[in-house]
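The values are calculated or read from the model by the stated rules, or taken from the named source; none is laboratory data. Fair warning: this is a prediction, and the values are worked out from it, not measured in the lab. Please note: Cβ atoms are built from the backbone with ideal geometry, for glycine as well, and neighbour counts cover all protein chains shown.
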Amino acid sequence: MSKKMMMLALAVVSAAFFALPALASAEELHLDPGNAGEEFSVAGEGGELRAEGEPTITCSGTGGSGSYTSSTTGSMTLDFTGCHTTVFGFTAACKSEGSAVSNTIASKGTYHLITIEPEVPGILVTTDPTVIVCAGISKVTVTGSVIGTITSPKCGQSSQTLGVSFTATGTTQTHVTYTGVKYDLQSRTGSEAEKTAALVGTATNTTAKAQTLTCT
């Protein structure tokens with residue numbers, strides 16, 4: 001190899017070597033190892049679905065499951081149980097369209113682990129359109145995305161469980177933006193116009209092996 005070619009090769013290798021730390025620092029919030037295909041279960045105490053000018057739908061429990069497609073993304077299926085709303089003083093059971101159980105709302109979608117702000121880990125959930133029927137009369141269609149915070153473990157800590165919390169003030173979700181883009185749930189009752197909606201509740205995802213929450 002000529003001296004000129006050798007110098008060029010060394011320059012290329014050196015450039016690649018010094019570029020590695022920059023690439024690593026750009027990695028997103030993730031679970032380590034967070035292997036693709038690894039499964040987890042979901043359990044929680046239910047919560048509320050709120051929409052502007054509409055009765056609140058309240059559920060008493062949450063269950064479900066999911067799996068990772070990477071260390072930062074995945075899919076999941078959720079069952080909200082004991083769901084009902086109150087209209088004109090009457091309590092009406094609510095369920096997802098097609099559900100055999102009168103008060104269970106089934107929903108599914110994808111998630112992405114995000115950093116809401118420095119050292120504040122979060123999760124962005126995008127739901128498939130879900131049609132909810134209350135008392136066999138009103139139909140509510142929920143679409144869009146919602147941002148929640150990861151309450152445990154803390155950054156750098158390892159655990160078999162991942163705690164998630166969704167909070168809101170009224171019908172406005174606490175966190176609605178990520179990388180400058182607004183993410184929000186939308187609710188439409190019957191043929192009415194879509195309205196801003198919010199999800200309030202907590203859940204815990206449990207895996208068979210402990211994982212470390214790495215915040216970058």
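Identify all residues within the stretch 176-198 that are within 23 Å of Val140 (Cα to Cα) and either buried (at least 20 other Cβ atoms within 10 Å of the Cβ) or hydroxyl-bearing (Ser, Thr, Tyr) (or both); write none if there are none.
Correct list: Tyr183, Leu185, Ser187, Thr189, Ser191, Thr196, Ala197, Ala198.
Quick check on my filter: what residues within the stretch 31-52 are buried (at least 18 other Cβ atoms within 10 Å of the Cβ), part of a strand (DSSP E or B) and small (Gly, Ala, Ser)?
Listed by number, the residues that qualify are Gly44, Gly46, Gly47, Ala51.
Which condition number does Thr130 fail, the rest of (1) buried (at least 16 other Cβ atoms within 10 Å of the Cβ); (2) touching a Gly at 6+ places or on another chain (Cβ under 7 Å) being met?
The number of the failed condition is (2).
Take the conditions of a type outside the set (Phe, Trp, Tyr), over 29 Å from Glu192 (Cβ atoms) and modelled with pLDDT of 95 or more and apply them to Gly82. Does it pass?
no
Name the residues in the stretch 56-69 that are surrounded by fewer than 21 Cβ atoms within 10 Å (Cβ to Cβ) and either of a type in the set (S, T, N, Q) or over 18 Å from Thr104 (Cβ atoms) (or both), would you?
Residues satisfying the conditions are Thr56, Thr58, Ser60, Ser65, Ser67, Thr69.
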